[in-house]
1. Condition test on Lys48, is it free of Cβ contacts under 8 Å to residues at least 24 places away in the same chain, crowded, with 17+ Cβ neighbours inside 10 Å and not aromatic (Phe, Trp, Tyr)?
2. Would you check if Leu85 is closer than 20 Å to Ala252 by Cβ and of a type in the set (A, V, I, L, M)?
3. Going by the structure shown, is Ile179 β-branched (Val, Ile, Thr), within 18 Å of the chain's Cα centre (by Cα) and at pLDDT 95 or above?
4. Consider the range 87-113. How many of its residues are among the acidic types (Asp, Glu) and touching an Asp or Glu at 6+ places or on another chain (Cβ under 7 Å)?
5. Determine whether the range 19-31 contains at least one residue that is farther than 19 Å from Asp72 by Cβ, in a helix (DSSP H, G or I) and not acidic (Asp, Glu).
6. Consider Leu238 against the criteria (1) part of a helix (DSSP H, G or I); (2) over 17 Å from the mean Cα position of the chain (by Cα); (3) at pLDDT 95 or above: it satisfies all of them except one. Which criterion is unmet?
7. Ala76 passes all but one of (1) under 26 Å from Arg279 (Cα atoms); (2) at pLDDT 95 or above; (3) not assigned by TED's automatic domain parsing to the domain that holds Ala136; which number fails?
8. Collect the residues in the range 263-276 that are assigned to a helix (DSSP H, G or I) and surrounded by fewer than 18 Cβ atoms within 10 Å (Cβ to Cβ), keeping them in residue-number order.
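The values are calculated or read from the model by the stated rules, or taken from the named source; none is laboratory data. Predicted, not measured: the structure shown is a model, and the values here were computed from it. Here the Cβ positions follow ideal geometry from the backbone for every residue, glycine too, while neighbour counts run over all protein chains shown.
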Amino acid sequence: MEYANEFERGQLELLKAKMLMSVGRRHEAEGSLAEAENVFRGLGEADKLSDVLITKSQMHLCQSRVSLALNDIEEAISIGEGASLAKRGQMLFYRGLAFLAMGRENEAHQDINEYVRIAESQNDERAQVLGHFYHALAFERHREPCMASAELELAKELMGDGDPSLKGRLNAFIAHLWIRRGQLYEADTLMADTLKLISGDVERVGPANLGMAFLARAELLAMYSRWGESREVFEQALQAFGTSRYGLYFEALALAWYGETLWTLGRDEEGRDALLRAREIYQRLTNESQVNKIDAILDRPK
């Protein structure tokens, strides 16, 4: 009877933590997760303990405590050998995100690629789309824009007429890659369509979707030397990313993209400021590869 009562208490604490996280009350969720973890460790319940560790990893990623997120998810994987395919995919996804945030792109590739394969086997199209999006980010951060484009096109093909806001996020990323290649007409045309897809309040559209659209738009305006408008839209991008699930990571990404665009266009002071702000965040995320890339941009002969 005592075992049953303790097991039920652990279940309730885990459920409570998930509910608190869903409404942004992550600090309170930590207490419930700690209680659930203690219960399931004490009972030797590996399956339920792995559920707690997955949830903790997700929370730590949202808080940009990436090393803690990685520790938790790796323990979950180590004790979850008999996990269902869906649960294994979930664990690989969060570990892939942790690797991506830390600049370990090759390891991120492996986990996210496997996550996409699992999603394919379960006909989970939304999971496949998100997997291709983050796989594209890993390629872009690794300076492989063509591979990033291929992943985004795969995601768009899977979506069809699905969620227009998520499709807008994919379009904005593609527009960014086109801007980098100097294909401004194509990027401008795509962004016009994207801004139609992503319209409305941030809660309905989703902050990450909105942030990506604003970011690509800000870069495009900068390319046309519309500096005032560009800065205003960029601040909107930062504001949107600030309320997204992985806010600090996306804030660093935005500052790095926009800063490099300004630096390349000869807006040295503004570009350097954005790049150094991105560098500071990447240092906090222990992302040495992105710190080095920013240093290389700033050292580039002009």
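1. Taking the combined requirement at face value, the residue does not satisfy it.
2. Criteria not met by Leu85.
3. No, not satisfied.
4. Adding up the residues that qualify gives 0.
5. Yes, there is a match, as at least one residue in the range 19-31 is farther than 19 Å from Asp72 by Cβ, in a helix (DSSP H, G or I) and not acidic (Asp, Glu).
6. In the conditions (1) part of a helix (DSSP H, G or I); (2) over 17 Å from the mean Cα position of the chain (by Cα); (3) at pLDDT 95 or above, Leu238 misses (2) alone.
7. Of (1) under 26 Å from Arg279 (Cα atoms); (2) at pLDDT 95 or above; (3) not assigned by TED's automatic domain parsing to the domain that holds Ala136, only one is false for Ala76: (1).
8. Once the filter is applied, which keeps residues that are assigned to a helix (DSSP H, G or I) and surrounded by fewer than 18 Cβ atoms within 10 Å (Cβ to Cβ), the range 263-276 yields Thr264, Asp268, Glu269, Arg272, Asp273, Leu276.
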